[in-house]
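Enquirer: Just passing along the structure, written as structure tokens.
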Amino acid sequence: MVYIGTMETTSSTPMSGRKAQAARNDQVILQAAREVFVADPGAPISAVAERAGVGISALYRRYAGKEILLRKLCSDGLKLYIAEAEAALADDGDPWTVFARFMRRIVEADTHSLTLSLAGTFTPDENLHRESAHAERLALEVFERARDAGILRPGLEVADLSMIFEQLASVRLGDEERTAQMRHRYLALLLDSLRLTSAGPLPGPPPTAEEIGRRWSTA
């Protein structure tokens, strides 16, 4: 399963001053929540209020509990992942360029940091399960299109991409700019290893859906 990231909301309809301020406050809360829970999954929701610079009562008016806030973060991240996958599928350009761009955009969005930090710490609801299943279907389409174009090395499976994204999300060095630079450095190396070459067979099987999804069980 994929549960990931944050997503800024936009609207084509101008909002009133009060609604616009509420939307900005919501983004501040969500960004603070992401920073707090990626660093410490066990942190209390009061730490989010402190990081966001809002009162705890104001936060509770928007999110009645920590699990609701975590589900919102993950839902926004799934929507972002889905949007990037749909963009890749709509692109009729060079297959390798499209695939590599999709990989870079997901890494840039840092969509897997929450997976690393939060898997198994809260209970996903039915909405998250539906969004995750949709994201997985689209990821499979992106992967199969690249594979069918003959640009990927033999033995590679779509589940390998999830593990690659998580490995890159674990890279944290210095500030955000340096971290992003390092992630792109290692993504470039990994992309070279994914491309069809004369390389030998990969050792061991890819991760199964059960192995990936099992981490989200709180039992």
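Enquirer: From the set of residues in segment 1-51 that are out of contact with any helix residue (DSSP H, G or I) (no Cβ under 6 Å at 6 or more places or on another chain), among the aliphatic types (A, V, I, L, M) and modelled with pLDDT of 75 or more, which is surrounded by the most Cβ atoms within 10 Å (Cβ to Cβ)?
Expert: Filtering first and then ranking leaves Leu30.
Enquirer: Let me ask another. From Ala49, Ala33, Ala90, Ala100, grab the single residue that is under 26 Å from Val142 (Cβ atoms), touching a Leu at 6+ places or on another chain (Cβ under 6 Å) and not hydroxyl-bearing (Ser, Thr, Tyr). Explain how you work it out, then say what you get.
Expert: Working: Ala49 fails: under 26 Å from Val142 (Cβ atoms); Ala33 fails: under 26 Å from Val142 (Cβ atoms); Ala90 fails: touching a Leu at 6+ places or on another chain (Cβ under 6 Å).
It is Ala100.
Enquirer: Filter segment 92-103 down to the residues that are buried (at least 16 other Cβ atoms within 10 Å of the Cβ) and of a type outside the set (A, V, I, L, M, F, W, C) and list them by number. Show your work before the answer.
Expert: Residues of segment 92-103 buried (at least 16 other Cβ atoms within 10 Å of the Cβ): 95-96, 98-103.
Once the filter is applied, which keeps residues that are buried (at least 16 other Cβ atoms within 10 Å of the Cβ) and of a type outside the set (A, V, I, L, M, F, W, C), segment 92-103 yields Pro95, Arg101.
The values are calculated or read from the model by the stated rules, or taken from the named source; none is laboratory data. Note that the structure is a prediction, hence the values are computed from the model and not measured. Counting neighbours? That spans all protein chains shown, and the Cβs are built from the backbone with ideal geometry, glycine included.
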